[in-house]
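Data block below; observations after.
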Amino acid sequence: MRALVVDPGAPGGLRFGEAPEPEAGPQQVLVECRHLALNFGDVNGARNRPPGFVPGWDSSGVVVLASAGGAGPATGARVVTTMGSQGGWAERRAVDLDELAVVPGEIDLAAAATLPVAGVTALRALRRSGALLGRRVLITGAAGGVGRFAVQLAALGGAHVIASVGSETRGTGLRELGANDVVVGLEGVTAPLHVVLDNVGGPQLVGIWPLLAEGGVVQCIGTASQQAATFTSLVGMRRTIEAFTKGPHSGEDIAYLLGLMQAGKLQVDIGWRGSWSRAGEAVDALLGRRVAGKAVLDVD
């Protein structure tokens, strides 16, 4: 079958290649992929994989072989899928039953493909941070995939949402998603901050520390700055910095996010979409911070 495989000499580090047909286990379904969503993690991680490896966490499509055990969606069901072992950027993939969700008919499959890593990361990071009602929540890298979902979910939780972006143009549309304030970097941000979802890291993370309230927490999700965060002192009030990872078993949370989409409470922003033959372009745009929201490839 056709797949996007790692090739260090190709544009974006990916090229079309051939991959073995996947074999679904008893607690898996076989899915024909229609749309692939890119994340910084799998794109960057592909650089450390051997040539010929098939990367990709998130994809959506149609079940072509139901689970042999009888559980899960039936053949023909529209689903969105994710897998920690990657392998999603191919014509077909075998997926664990607890790493997928059925997509309602009125939701575009391409939009659904964006939810697993970015949406579930935002959801779980906010849950881990405690109650949000009336709290001041800072989201850095708010123009990206995780950031845009986090802005909306924090607003739904009753927080005062501060969206931090890299430039004024990157902040377009974030107020409409629920941000109370949109700032460049930490410009104008004042204490107290109760919860921070940090997608940037580096010196900006250091600058966040003194703005935290007593008991405040930072969830370190990403390091888009690719810079070290060097703290000269962490003494003082009780504050917490936690390294965050999404974790497995995403199916229930993906289904929850699909329900929010169906109810009109969660918006998906696709900032780049095109054929998977243009994967190199999409990777360059994503890593170059030229995508507002998510990048999606159509399998054709």
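Readers should treat all values here as calculations from the given coordinates under stated rules, not as data from a laboratory. Because the structure is a prediction, the values reported are computed rather than measured. A quick note on method: Cβ atoms are made from the backbone with ideal geometry, for glycine too, and the neighbour counts reach across all protein chains shown.
Over the range 118-243, what is the relative contact order in percent, taking alpha-carbon pairs closer than 8 angstrom and at least six residues apart?
For the range 118-243, the relative contact order is 22 percent.
Hey, got the dipole for the range 118-243? About the Cα centre, +1 on K and R Cβ, -1 on D and E Cβ, debye to the nearest 20?
Numbers: 10 positive and 7 negative charges, 69 e Å.
Charge dipole, the range 118-243, about its Cα centre: 340 debye, nearest 20.
Just name one of ALA131, VAL161, GLY185: the one whose Cα is farthest towards the positive end of the charge dipole of the range 118-243 (beta-carbon charges, Lys/Arg +1, Asp/Glu -1).
Among ALA131, VAL161, GLY185, the one farthest towards the positive end of the dipole of the range 118-243 is ALA131.
Assuming R0 = 25 Å, can you tell me the calculated FRET efficiency for the pair ASN48 and THR190, based on Cβ-Cβ distance, to the nearest 0.05?
Values: r = 40 Å, r/R0 = 1.59.
After rounding to 0.05, the efficiency reads 0.05.
How far, in nm, would the chain grow between THR240 and ALA255 when pulled straight, counting 0.36 nm per residue and subtracting the alpha carbon separation? List each step's numbers first, then the result.
Values: separation 15, 0.36 × 15 = 5.40 nm, distance 3.03 nm.
My answer for the length gained is 2.4 nm.
Would you compute, from DSSP H runs of 4+ residues alone, the mean residue ellipticity of the chain at 222 nm, taking -39500 (n - 2.57) per run and dividing by the full residue count, rounded to the nearest 500? If you can, show how the numbers build up before the last one.
Details: 8 runs with 64 residues, N = 300.
Dividing the helical sum by the residues of the chain leaves -5500 deg cm²/dmol.
Treat every Asp and Glu Cβ in the range 1-137 as -1 and every Lys and Arg Cβ as +1, leave all other atoms uncharged, and give the resulting dipole magnitude about the Cα centre to the nearest 20 debye.
On the way: 13 positive and 13 negative charges, 139 e Å.
Result for the range 1-137 is approximately 660 debye, rounded to the nearest 20.
Long-range amide H contacts for LYS294: which residues qualify at under 5 Å (H placed 1.01 Å from N, peptide plane, sequence gap of 5 or more or a different chain)?
Correct list: ASP269, ILE270, GLY271, TRP272.
Sort ARG34, ARG93 so that the residue with the fewest other Cβ atoms within 10 Å of its own Cβ comes first and the one with the most comes last. Mind dumping the intermediate values first?
Working: ARG34 18, ARG93 28.
Neighbour counts put them in this order, fewest first: ARG34, ARG93.
From the P(r) of the range 1-90, could you give the percentage of C-alpha pairs in the tail past 16 Å?
Working: 2155 of 4005 pairs.
Value for the range 1-90: 54 percent of Cα pairs lie more than 16 Å apart.
How big is the antiparallel share of DSSP beta bridges in the chain, given as a percent to the nearest 5? Before the final figure, lay out each step's value.
Numbers: 30 of 57 bridges.
Of all bridge pairs located within the chain, approximately 55 percent are antiparallel.
How big is D, in µm² s⁻¹, for the chain by Stokes-Einstein at 37 °C and 0.692 mPa s if Rh is the Kirkwood radius over C-alpha pairs?
On the way: Rh = 19.6 Å.
D = 168 µm²/s.
Which of the peptides 2-8, 179-185 is most tightly packed, and how do the rest follow, going by the mean number of other Cβ atoms within 10 Å of each residue? Working shown, then result.
On the way: 2-8: 20.1, 179-185: 18.0.
Top to bottom by mean Cβ count within 10 Å: 2-8, 179-185.
Please provide three numbers in whole Å: the alpha-carbon extents of the range 118-243 along the principal axes, with the largest listed first.
38, 29, 27
Going by C-beta contacts inside 10 Å, put ASP198, ASP42, ASP58 in order with the fewest on the left. All intermediate terms of the calculation are to be shown ahead of the outcome.
Details: ASP198 26, ASP42 19, ASP58 32.
Least crowded to most crowded, the residues run ASP42, ASP198, ASP58.
Please report how far the C-alpha centroid of the range 247-263 lies from that of the range 74-106, rounded to the nearest whole angstrom.
So the two Cα centres are separated by 13 Å.
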